[in-house]
Amino acid sequence: MKVHLIRSEGFDIEDFNNVFNLLKTTKGPIEFVPSEPIVLPESDNFIHYEDLKSFEKKHMPEWSMVHSYMPEERVFPMTKPVFTWEQLFQICQDFRSANNIPDTDYVMLLTEQANDLNWFGAIDESMKNYFIHTADWDHYFQNNVDVRFPIAYEIAVWLLRSMMFRNRIEIIDNIHENAQGCMMDFCQNKKDITIKMRTADVCPSCTELITNRDIRKNYLKQLFDTMESIRKNLLFRQRSVLLNEPSSMQIRGYRKDIYLRDLGDLQINLNPKEKTLYLLYLNHPEGINLSCLIDHKEELTAYYSMLTVSGSTERVESVINKMIDYRQAVDVSIQFSKIKNKFTTALGEFGNQYAIEKVGDKHKIVLNRELVQIVD
Ligand SMILES: [Zn+2]
């Protein structure tokens, strides 16, 4: 079973890749396929939020359904452009036609554009086209949530709903108006979405419904595993700060991919240059002064040749020479801050322990190396 994920241009490519990588970490028969970004046409419609309450409220479609949200410094009343559900589903449909997507495949548009009924996501009457709203999650999850989690969660929930129900009316009929920590909670007050994600559960009546619907078990397993890893991640973020317990880290395979084990096996995506520096500092807990990087040329070259795909010997040499040139240390510092940013996005303030930071006259990763495991 294939699910095509399409990204509208305003949804950050890195966030999109992160969502995709997160979905990929759970094994199963559902295959997610990323696509080229698309540019949405201008919208003639606007949504007007009179106040915070209206921002946080979903509206029922005429045939009946709901969801809604938002944070940052938002000043009300506020008006912004929106797309109608019909417009968003039409974009999925156009994508199908343009790319000869089989009717059996699923198409999901991930877009930063708001929709007229103010939902987190929705499905069309074919039960094969969806949109997921990718913006405004900061309003519902404070302390800069990593947006990949709520977005991936919505993707999993909508796929599950399309397997549980024959049509949209059935979804509306079975949705829980009062939040009970079930993935079928309607969350008319969009704030309730955090409860639903923290439980990642299915209530007894929904369990019965799923049992009666003859859904393939391996589909269910993959979707539940995805929701469970998101739940673990959200809880870990809270608890690790509370208990001062960082996640263990695993470096895997010949590409030395970095995974945080206790965050639902979350991958931290570093590019080859960043990863080259990261592996060096990881291997040197004592720290390295930027002016001494030149002493580690051989080790850096070995990492970079292993990680880069476009690597002629000359190109590797020139990248490494630049990296170890103290006069260009500012470039290395920029890499360090990008690395730090990726860890703090995933871990909140806790990410500092995993970053390469200046301590005295050296840079180092302070993380307890007992938490680091390297596996082939
Ligand atoms: Zn339920």
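Structure summary
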read-out	value
Calculated from backbone phi, Karplus (6.51, -1.76, 1.60) coupling profile of the stretch 221-229 in Hz, x at Gly/Pro	4, 4, 5, 5, 4, 4, 5, 5, 5
Sorted peptide list for 147-156, 201-210, 306-315, criterion being average Cβ within 10 angstrom, highest first	147-156, 201-210, 306-315
Other-chain or far-sequence residues with amide H under 5 Å of Asn115's (modelled H)	Phe83
Three-way shape call for the stretch 1-40 based on the alpha-carbon gyration tensor, with the a/c threshold at 1.5	oblate
Amide H within-cut-off set for Ile6, under 5 Å, with H built and near neighbours excluded	Met108, Leu109, Leu110
Of Lys196/Lys340; Lys232/Lys364; Lys256/Lys322; Lys53/Lys232; Lys80/Lys196, pairs whose Cα-Cα distance is over 32 Å	none
Karplus-derived 3J(HN,Hα), 6.51/-1.76/1.60, for each residue of the stretch 149-154, Hz, glycine and proline x	6, x, 5, 5, 4, 4
Cα-based convex hull, the chain, per residue volume (Å³, whole number)	167
Value at 222 nm in deg cm²/dmol, rounded to 500, when DSSP H runs of n ≥ 4 in the chain each add -39,500 (n - 2.57)	-13000 deg cm²/dmol
Lys/Arg +1, Asp/Glu -1 at C-beta; the chain dipole; positive extreme among Leu109, Val39, Ile230	Ile230
Between 0 and 90°, nearest 10: helix 329-347 axis offset from the chain longest Cα axis	40
Sequence of Lys57, Lys27, Lys275, Lys322 once ranked by neighbouring C-beta atoms within 10 Å, starting from the fewest	Lys27, Lys322, Lys57, Lys275
Built amide H within the under 5 Å cut-off of Gly121, gap 5+	His133
Karplus (6.51, -1.76, 1.60) ³J(HN,Hα), θ = phi - 60°, over the stretch 200-212, in Hz, Gly and Pro reported as x	6, 10, 10, 6, x, 5, 6, 4, 5, 4, 4, 4, 6
Rg over Rh, two decimals, the stretch 249-375 (C-alpha only, Kirkwood Rh)	0.94
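Values in this text are rule-based calculations from the coordinates and carry no lab data. Keep in mind it's a predicted model, so treat the numbers as computed, not measured. Neighbour counts run over all protein chains shown; Cβ positions are idealised from the backbone, glycine included.
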